[in-house]
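One structure below.
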Amino acid sequence: MAVLNVNPTRMELTNLKRKLTTARRGHKLLKDKRDELMRRFLELVRENKALRVEVENEIKKANVAMETARSTMSDKALDVALMLPTQEMSLEVTEKNVMSVMIPVFDVKFRTADENDIYSYGFALTPGELDDAVNAYSDAMPKLLKLAEIEKSCQLMASEIEKTRRRVNALEHVMIPQYEETIRFITMKLDENERSTTTRLMKVKDMMLAQAHNYN
């Protein structure tokens, strides 16, 4: 591991020790964040898988009912029946913070609470399969939007997990080892300088004692 390009002084040694302590603390916090993100991500993935199966089955059921209705109605009659919907759906999008990741929250609202408002036609001139199709599409829509919310959350969390993983690896395999190696290098240099200084002082002391002896 390469040593950082710094002056081997006691002040620099103190600064590096402080940075090493901060790096180790940050490494632990980032590892904890990565692990918690991974746990929540896996929960969302499991929820996403189950909800996707449910939504696909409901849409398949609705499509079958709609095809059956089409077989008993003309295209014009079907267009007229669905021309003026009486129910309206709105979507309010907000965000919530999950481990520093802003994930979307979809809030689905209908104009009225009356379940019969999803039918924009009279029942006398339309087949029951059309009712089944409209009802199935209506039931599937909020779940479909929930699925979109979960999948987007999974994408955002996966991206954050990858960024956090790279930061953890950078600290663990680059920064912390560099700090440790540089601290060892500076410590060795300071010890070497101290030994050299002690040796010089001892020589000076011996010379002074020899001169004093000769003078006497």
Cβ-derived FRET efficiency at R0 35 Å, Ser159 paired with Glu88, nearest 0.05: 0.55
Candidate values (1) 169; (2) 159; (3) 120, label of the one derived for volume of the Cα convex hull per residue in Å³: (2)
Farthest positive-ward along the chain dipole, Cα basis, beta-carbon charges - from Thr86, Val98, Asn57: Val98
Carbon plus sulfur fraction of accessible area for the range 1-153, probe 1.4 Å, in percent: 55
Rounded accessible area per residue of the range 1-90, 1.4 Å, Å²: 72
Cα-centred dipole magnitude for the range 71-206, charges only on beta-carbon of K, R (+1) and D, E (-1), debye, nearest 20: 1500
Per-pair calculated FRET efficiency, R0 = 22 Å: Asp139 and Arg52 via Cβ, rounded to 0.05: 0.90
Gain on full stretching of the segment that runs from Met38 to Val80 - 0.36 nm per residue minus C-alpha separation: 10.1 nm
Calculated [θ] (222 nm, deg cm²/dmol) that DSSP helices of n ≥ 4 give over the chain, each run adding -39,500 (n - 2.57): -26000 deg cm²/dmol
Cross-link reach list, lysines versus Lys205, counting only Cα pairs under 29 Å and skipping chain neighbours closer than eight places: Lys189
Estimated inter-spin distance, Thr198 and Arg10, nm [label 7 Å along Cα→Cβ]: 1.5
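The values are calculated or read from the model by the stated rules, or taken from the named source; none is laboratory data. The structure displayed is predicted, hence computed values, not measured ones. Neighbour counts are summed over all protein chains in view; Cβ atoms, including those assigned to glycine, are modelled from backbone coordinates with ideal geometry. Accessible surface areas use protein heavy atoms only, side chains included; no ligands, DNA or RNA. Shrake-Rupley method; radii C 1.70, N 1.55, O 1.52, S 1.80 Å.
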